[in-house]
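To keep things clear, I will list the structure first and then write my remarks on it.
The values are calculated or read from the model by the stated rules, or taken from the named source; none is laboratory data. A quick note: this is a predicted structure, and the numbers were derived from the prediction, not measured. With ideal geometry, Cβ positions are generated from the backbone for all residues, glycine too; neighbour counts draw on all protein chains shown.
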Amino acid sequence: MRFGDVVTAVASLVVILVLVDFLLEIVLIPAIGLDWGGYVTGAVSIFLTALIVGYVFARKIWEEAGMEAIAKITVLGAVLMVFYVVNFPALGDWTPAVKEAIQKAHPTSTFSTSQWVTLESMALTQTVAINMVMAIVFGFIGLYVGSMLRRPAKSQK
């Protein structure tokens, strides 16, 4: 699979992911709640999106080294996920949410400004890691299963 095909597959992943995630958020967040709804929605969205893209790009994936192509798409998709999540601190309530969670976990502790910066950085790193692992695991599984659903038959030669 050429690099251009990988980029096209990842671009398709992003477009489909936004649509699938939006629809699932409408359904799952009210049903599950805000705490776990986002994580469940993210995991299911990544898997379903990768399943669709795996099915659509199955011929391109399996025309050469299939697992290598799946790995390339997964890694590039995970890198894009990292760039998305790294921007979370730009959200207006990121810092207050992190502070609230840390103060709830450590009610008697007081932290200096530099310690808060470190704690916020750790919270961001944790969020990046969780989302990156979900993108790699569910993306790889979804791409593999989707591509296997439409894998070209081996010739009888």
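The criterion of at least 1 residues that are free of Cβ contacts under 8 Å to residues at least 24 places away in the same chain, in contact with a helix residue (DSSP H, G or I) (Cβ under 8 Å, 6 or more places away or on another chain) and surrounded by 15 or more Cβ atoms within 10 Å (Cβ to Cβ) is met, among helices (runs of 4 or more DSSP H) falling completely within region 26-97, by 34-56. Looking only at residues in region 2-24 that are charged (D, E, K, R) and crowded, with 16+ Cβ neighbours inside 10 Å, the one that is modelled with the highest pLDDT is Asp21.
For region 109-127, the tally of residues that are out of contact with any helix residue (DSSP H, G or I) (no Cβ under 8 Å at 6 or more places or on another chain), of a type outside the set (Val, Ile, Thr) and in a helix (DSSP H, G or I) stands at 5. In region 96-109, the condition of being within 22 Å of the chain's Cα centre (by Cα), modelled with pLDDT of 90 or more and not hydrophobic (A, V, I, L, M, F, W, C) is met by no residue. Among the residues making up region 23-56, those that are over 14 Å from Ile73 (Cα atoms) and under 14 Å from the mean Cα position of the chain (by Cα) are Gly38, Tyr39, Val40, Thr41, Gly42, Ala43, Val44, Ser45, Leu48. The single condition among (1) under 19 Å from the mean Cα position of the chain (by Cα); (2) over 19 Å from Ser12 (Cα atoms) that Val75 does not satisfy is (2).
Within region 98-135, restricting attention to residues that are of a type in the set (Val, Ile, Thr), free of Cβ contacts under 8 Å to residues at least 40 places away in the same chain and closer than 26 Å to Val44 by Cα, the residue that is surrounded by the most Cβ atoms within 10 Å (Cβ to Cβ) is Val98.
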